[in-house]
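Asker: Got a structure for you, questions after.
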Amino acid sequence: MASYRPDGLFISFVLLLPTILGSLLNATDQIFSVHGGIIAAFGDFNSDKQTDVFVIAGEHNVELLLGGESQPYFVKSFTIDVPEGRVTSVVPGDYDGDSFMDILVTATPQDNAESQILLVCWGNGLSLGNRSHLAQELKDQPLVFDYDGDMVPDLLVSTRKGLSVCSVKNRTFVCLLPVLEMGLPARIPHSHAFLDVTGDFTADLLLTLQDKYQVWQNQDGTLSKTKELSLPPDLIVVGQSSFADVDGDGRQDHLVPGCLDTACSINVIYLNRQGEDSWTNVSIGPVAGSAELWFWNAGAVESPTGWPLPPTLRLGDYNIDGYPDALVTMQNGTDRTRWLVLLENVPCTEESCKVVGRMFIPRWTSPVPGAIAAAFFDLFEDGILDILLMSDSTGSTHPTLQALQNNLEADAYFVKIIVLSGLCGSKCGSKESFGVNQPGPYVEYTTVNAAGSEQKSSAAQLSQSAHLALQLPYSVLGLGRSANFIDHLVVGIPRPAGETDLRKRAWMSIIPNAQLIVIPYPNDEPQRWSTKLYLTPSRGVLLTAIALLSVCLLLLIIIGALHWHEKKADNKEKRQEAHRFHFDAM
């Protein structure tokens, strides 16, 4: 067993933990008809309320796997050919504002391995038609965000002149001159984010630069640089930024995994709370076991996309207790075997994390070696997050896809929310607009937990899009074991320049285990926004129903027995009366 290193996360533990593995089932054959490729993005392409999967299959192809209700749940629909270069990312979205999903693809051209080309394939809800190309080559993958608050995605792209904003007009790219004076080049690969970091329910912009972070606050619809934040201390390898409400205060926290040495043998996870300038170590010491696992810092050769992939946390509330957990790829320090590790968000027991009150501890590792990346995903549309895993495949150049079902035993509750663009109300023509991925919305709930105290949680929808961010087009927020109604659910969206009023609305008394579709139409009249509510019965509800039916059946049996007994007594009394009558007659 390795010695404890208080300055970082040094994991030494048994690879299989029975208490956790008992809640995971390998459901690959039920889920995938195609078992190879790189999962690149998610979205409901055909607006059937089933989330589809976009897979990079080979260097020049993107496959759409449509989700369904029969096995296998993901079936190949069509393929996008990209002969211009090696595909590196896929970002679904409605880039022309027609409320149908389009597909943005980036690729590395064959003659320049350090640049990116970009194209968009235009969709009509059933298939893809023509495509448009961005004329200039980029230095990195774009961030998809809503720059002007019109609920149509724009692109933040990195060029030789700096960061530019590109939007689509008549299916043609129009790029502004560099609009953000950063002062420093952006980090490559970047992990820029578009989310509310000031607590006003309006998405701001966070930029990841070479030696600092910048916050560009949305002030009356205009992005203005308001804050700079230094990198976490002592990091030699800086991982990708990710964001979640780690401590349950209703605000998004900034998480950065990293290494204190070049080999990544000393790992740490730092957290920055909203509005503060300091970083808090929320990682832990060693756990008893036999394998030393370090963060995987993938170079361009090792990475599945051909671009470097620093340590990355992919967040989701695995046990729906109201506190998001994390998936991270780690490797054995001795033989370099890679494993997927689940880090659970638990109450802090170390001095270093008392300010936050939470920390991450390893709970589970994948039973299959060679992990590349993984994402949380609600496979069965039941509000419980399962895991989609990509790993090395023996004898194949394509990663293997695996689906691990989260067979959670604890009877906890959740709320699942997706915010649409609201460009044409609940219907666009004759087709419901369920399928458009929308970056920028922010959601927060307030309720009372089982102990009687206030509980909060929040989420930013599709805040990041580059370098296998693998974010879901919906937010799943855990409620723990509290079956109480959600007292307040607040939803906010971006607003255009010059608009001082916030675009947000609160709903009261939301039923737990609800899947909520928010339609912010019209965008500028929050009081007219509408919702669609779908209920997912929990195990507790089913057990309660069974118990209620059993009680009703028992009461019916008792009533029937009493009725039979009463009828029998009446018949006996009638016979006695008849006997007395004849006796008197004699």
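Read the figures in this text as sums done on the coordinates, not as results from a lab. Note that this is a predicted model, so its numbers are computed, not measured. Here the Cβ positions follow ideal geometry from the backbone for every residue, glycine too, while neighbour counts run over all protein chains shown.
Asker: Would you mind getting me the FRET efficiency between VAL448 and THR222? Use the beta-carbon distance for r and R0 = 56 Å, nearest 0.05.
Answerer: Working: r = 38 Å, r/R0 = 0.68.
It comes out at approximately 0.90.
Asker: Still on this structure, I have one more. Once you have the Cα-Cα distance between GLN527 and HIS60, take 0.36 nm times their residue separation minus that, and quote the gain in nm to one decimal. Write out the running numbers ahead of the final one.
Answerer: On the way: separation 467, 0.36 × 467 = 168.12 nm, distance 4.62 nm.
Going from the current span to full extension adds 163.5 nm.
Asker: Something else: So, in nm, how far is label THR337 from label SER23 when the simple model puts each one 7 Å beyond its Cα toward the Cβ?
Answerer: A separation of 2.5 nm, rounded to one decimal place.
Asker: Ranked from highest to lowest mean number of other Cβ atoms within 10 Å per residue, what is the order of the peptides 315-323, 115-123? Write down the numbers at each step before the final one.
Answerer: Working: 315-323: 23.6, 115-123: 20.8.
Order by mean packing, descending: 315-323, 115-123.
Asker: How far, in nm, would the chain grow between THR79 and ARG131 when pulled straight, counting 0.36 nm per residue and subtracting the alpha carbon separation?
Answerer: Working: separation 52, 0.36 × 52 = 18.72 nm, distance 1.38 nm.
So the chain would gain 17.3 nm between THR79 and ARG131.
Asker: Classify the chain from the C-alpha gyration tensor, please: rounded if a/c falls under 1.5, else prolate or oblate depending on whether a/b exceeds b/c. Before the final figure, lay out the partial values.
Answerer: On the way: a/c = 1.93, a/b = 1.62, b/c = 1.19.
Taking the square roots of the gyration eigenvalues as a ≥ b ≥ c, the chain is prolate.
Asker: Give me TRP507, TRP279 ranked fewest to most by other Cβ atoms within 10 Å of their Cβ, as a rough exposure proxy. Could the numbers behind the result be given before it?
Answerer: Values: TRP507 16, TRP279 19.
Fewest-to-most ranking of TRP507, TRP279: TRP507, TRP279.
Asker: Over the chain, what is the mean sequence separation of C-alpha contacts under 8 Å (at least six apart), divided by residue count, expressed as relative contact order in percent? Spell out each step's value before the answer.
Answerer: Values: 1542 pairs, mean separation 89.3, N = 586.
After rounding, I find 15 percent.
Asker: Take the alpha carbon gyration tensor of the range 150-190, find the square roots of its eigenvalues, order them as a ≥ b ≥ c, and report rounded if a/c is under 1.5; if not, report prolate when a/b exceeds b/c, else oblate. Walk me through the intermediate numbers first.
Answerer: On the way: a/c = 2.32, a/b = 2.03, b/c = 1.14.
Because a/c hits 1.5 or more and a/b exceeds b/c, the range 150-190 counts as prolate.
Asker: Something else: Using only DSSP helix segments of four residues or longer, with each worth -39500 (n - 2.57), what per-residue ellipticity at 222 nm results for the chain after dividing by its residue count and rounding to 500?
Answerer: On the way: 3 runs with 55 residues, N = 586.
-3000 deg cm²/dmol, from helical runs alone.
Asker: Where nothing but the Cβ of Lys and Arg (+1) and of Asp and Glu (-1) is charged, how large is the charge dipole of the chain around its Cα centre, in debye to the nearest 20?
Answerer: That gives the chain a dipole magnitude of about 1000 debye.
Asker: Let me ask another. Rounded, prolate or oblate, given the Cα gyration tensor of the range 179-260, with a/c below 1.5 counting as rounded?
Answerer: Details: a/c = 2.34, a/b = 1.20, b/c = 1.95.
Oblate is the answer for the range 179-260, as a/c is 1.5 or above yet b/c matches or exceeds a/b.
Asker: Also, quick follow-up: Taking the range 314-468, how many lysine pairs are there with alpha carbons less than 27 Å apart, if each pair must be eight or more places apart or span two chains? All intermediate terms of the calculation are to be shown ahead of the outcome.
Answerer: Working: LYS354/LYS456; LYS416/LYS427; LYS416/LYS431; LYS416/LYS456.
Lysine pair count for the range 314-468: 4.
Asker: Then there's this: Treating only the Cβ atoms of Lys and Arg (+1) and Asp and Glu (-1) as charged, compute the dipole magnitude of the range 33-147 about its Cα centre; round to the nearest 20 debye.
Answerer: Working: 5 positive and 17 negative charges, 47 e Å.
Dipole of the range 33-147, to the nearest 20 debye: 220 debye.
Asker: What is the dipole size for the range 262-347, taken about its Cα centre, with +1 at each Lys and Arg Cβ and -1 at each Asp and Glu Cβ, in debye to the nearest 20? Could the numbers behind the result be given before it?
Answerer: Values: 4 positive and 9 negative charges, 48 e Å.
That gives a dipole near 240 debye.
Asker: Take the residue pairs LYS49/LYS76; LYS161/LYS212; LYS212/LYS504 and return only those whose Cα atoms are more than 24 Å apart. The partial results should precede the final answer.
Answerer: On the way: LYS49/LYS76 17 Å; LYS161/LYS212 19 Å; LYS212/LYS504 31 Å.
Cα-Cα > 24 Å for LYS212/LYS504; rest within.
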